[in-house]
Each structure stands twice: as C-alpha cells, then as structure tokens.
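FYI, it's all coordinate maths here, none of it is from the lab. The structure presented is a predicted model; accordingly, all values stated were derived computationally and were not measured. Neighbour counts run over all protein chains shown; Cβ positions are idealised from the backbone, glycine included.
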Amino acid sequence: MAESTLGGRFTFPGTSLTVHRIGYGAMQLAGPGVYGPPKDPDMAVAVLRQAVAAGVNHIDTSDFYGPHITNQIIKKALHPYPPGLTIVTKLGARRPPDKSWQPAIAPADLTAGVHDNLRNLDLDALDIVNYRAMGAIHGPAEGSIEPQVAVLADLKRKGLIRHVGLSNVTAAQLAEAQKITQIVCVQNNFNLAHRHDDSMIDHLAGQGIAYVPFFPLGGFTPLQSSTLSDVAGRLGKTPMQVALAWLLHRSPNILLIPGTSSLVHLRENLATGQLNLAPQILAELDGIAATAAVKH
C-alpha cells in the first residue's frame with residue numbers, strides 16, 4: 001500500500017512529529033476485556049509489523065492495556081523502532097487483578113506510569129503522553145485536571161515526556177491544561193452518531209492541534225446503524241470503512257487509530273484512505289446523528 005493513501009499527513013503542533021492520518025490503536029492486542037495476553041500472540045506481532053510495513057507511523061497504546069501486555073508486544077514486534085514512528089501512550093488508570101478500571105491520578109501514580117511505559121516499550125523518552133481523565137460513564141465529566149497536567153508538564157521538563165496530550169476531556173479542561181503546557185492532541189469519543197465535540201474539533205483545527213476520535217462505531221442505535229449499513233452497501237464497503245472515511249473528511253486535524261487483531265480487518269481499515277465520499281453521501285452521513293432524535 002502506498003503511504004500516500006493513508007489519509008495524508010499531519011504534524012503535531014510545535015513538534016517535528018509528522019504522521020499519516022490513519023494510524024493504529026493497539027488496545028485490541030491484549031486479551032479479552034483488554035486484560036492478559038492475546039489468544040494468538042504471533043498474530044498480534046504480525047498485525048503490528050504489517051501495519052508499519054504498510055506505512056503506519058502513529059501507534060496509540062497504554063501500559064495499562066493488559067496491563068503491560070500491549071507495550072511488550074509492540075516492543076517485540078517493532079523494536080528497534082523504525083525512524084519516524086510516533087508512539088502515543090496514556091496515563092490515568094490502572095488494572096488490578098479483578099480486571100476493573102481504576103483511577104491512577106496521584107503524582108506518584110502518573111510518574112510510575114511513565115516509567116512503566118518507558119520500560120516496557122524500551123524507550124528513553126515518550127513521544128506523546130495523553131492524560132486520560134476517567135470522567136463519567138458516558139463521557140467526560142467537568143472538574144479540574146490541573147494537578148495531573150502539572151505532573152506531566154514536570155516530567156516533560158525532565159525529558160521523560162516530549163509532548164503532552166489529553167483524553168476524555170471537556171473544552172474547559174482543555175483550556176485549563178493549555179495554561180500549564182502545550183497540548184498537541186485531544187483524544188475523545190466522537191463518531192457519526194456522537195458529535196458532541198463538533199465545536200471542539202473546529203476549535204482545535206484552528207490551532208493546528210490533532211483530534212483523535214475513539215469508538216468510531218460506538219453507541220449507535222439500531223436505526224443509525226442501519227443507515228450506515230445502507231450507505232456502505234451502496235458503496236461496496238464495510239460500515240467501519242465508511243465511518244472512518246467520514247471522520248477523515250470531517251476535518252484535516254482528525255487522526256484515526258482503528259484497532260484490530262486481524263490482518264484482514266487491518267487491511268480494510270488502512271484502505272479507508274482511498275475512499276472518497278461524494279457530497280451527497282457526506283450529507284446523508286451527516287444526518288445520522290439526528291436520526292435517533294427524529295425517531296423519538
């Protein structure tokens with residue numbers, strides 16, 4: 001696959017890190033429930049190597065995936081890392097033996113998390129670290145994140161982190177963080193059906209800051225899913241491919257990190273960069289978010 005088909009390029013603001021807009025999210029490389037080893041460790045390694053061979057140079061991970069498992073697989077598959085590869089990780093949670101997701105936001109927790117990532121990825125410094133606010137069940141929750149961002153800013157000054165990002169945050173939290181340190185990316189829940197961050201995306205685009213949506217097919221109602229499936233069927237593509245292509249069209253600062261443990265699905269995801277959506281198709285897709293509201 002030609003690198004030029006991976007959605008174009010994006011440079012994180014104030015950095016020398018330039019990535020293709022279609023990257024790879026490593027969460028699914030861990031076992032069920034993002035805990036423990038995968039059923040097929042060799043396939044996990046193969047998927048990573050194929051992604052990089054196809055031109056992917058933006059990998060999203062965290063040491064609390066597994067925990068530790070995902071980063072150890074990345075190291076096994078790709079170390080020594082090829083020039084130009086950007087690895088983005090995140091802090092803010094821990095995975096105890098009961099497999100739950102617990103906050104890990106004290107200064108000692110965040111510092112330990114950086115060292116866990118460095119050790120398991122075998123790196124001297126982390127390219128980008130996102131502070132992942134735990135938030136509410138259905139998304140971000142307001143509340144100060146100043147103490148946590150201040151810790152990351154200090155670790156940046158010490159050279160353990162090169163750049164800082166945020167995940168699962170509100171516009172107010174973004175503004176608060178930007179008073180402390182430069183923010184190069186925001187990773188939030190956004191897709192065709194959940195467009196609460198439309199204004200934030202435009203605000204970030206104006207500053208040249210990356211927006212990285214997660215759950216590109218999460219939380220769809222049956223009616224919304226059927227609309228997407230109908231469009232995909234007419235285009236001869238999968239619903240995931242259409243949803244990802246719409247995100248690429250939505251704004252030039254959007255970076256994709258679709259995850260998979262399958263080589264077939266990896267190839268489908270990467271092929272999204274070759275899918276051009278006509279204006280009438282984009283208009284139809286833009287209406288999906290309002291479908292449920294109209295239905296009720």
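Amide H to amide H distances under 5 Å link Ala141 with Gly135, Ala136, where only residues 5 or more positions off or on other chains count and H is placed in the peptide plane.
For helix 239-250, what angle does its Cα long axis make with the longest principal axis of the chain, in degrees from 0 to 90 and rounded to 10? Around 80 degrees separate the two axes.
For the chain, the longest principal axis of the alpha carbon atoms and the long axis of helix 198-207 meet at an angle near 60°. In sequence order, region 66-75 has phi-based couplings of x, x, 6, 4, 4, 5, 5, 5, 4, 4 Hz under the Karplus curve 6.51 cos²θ - 1.76 cosθ + 1.60, θ = phi - 60°, and Gly or Pro positions carry x. Within the straight-line cut-off of under 17 Å between alpha carbons, the lysines reachable from Lys156 are Lys90, Lys179, sequence neighbours fewer than 8 places apart in one chain being disregarded. For the chain, the longest principal axis of the Cα atoms and the long axis of helix 222-235 meet at an angle of about 70 degrees. The phi-based Karplus calculation (6.51 cos²θ - 1.76 cosθ + 1.60; θ = phi - 60°) puts the 3J(HN,Hα) values of region 270-285 at 5, 5, 4, x, 8, 9, 9, 9, 5, x, 5, 5, 4, 5, 5, 5 Hz, whole numbers, x for Gly and Pro. Take the alpha carbon atoms of region 123-154, find their center, do the same for region 46-87, and report the distance between the two centers in whole angstrom. So the two Cα centres are separated by 21 Å. Between Pro252, Pro97, Pro38, the residue with the greatest mean-square fluctuation in the GNM of the chain (Cα pairs under 10 Å linked by springs) is Pro97.
3J(HN,Hα) along region 35-46, derived from phi through the Karplus expression 6.51 cos²θ - 1.76 cosθ + 1.60 where θ = phi - 60°, amounts to 9, x, x, x, 5, 10, x, 5, 5, 4, 5, 5 Hz, with x in place of Gly and Pro. Between beta-carbons, use under 14 Å as the cut-off and find the net charge around Leu152, counting Lys and Arg +1, Asp and Glu -1. Residues close to Leu152 contribute a combined charge of +2. Comparing Gly165, Gly139, Gly259 in a Gaussian network model of the chain (Cα springs below 10 Å), the most mobile by mean-square fluctuation is Gly139. Computed over the chain with a Gaussian network model linking Cα atoms closer than 10 Å, the most mobile of Ala210, Ala193, Ala46 is Ala46.
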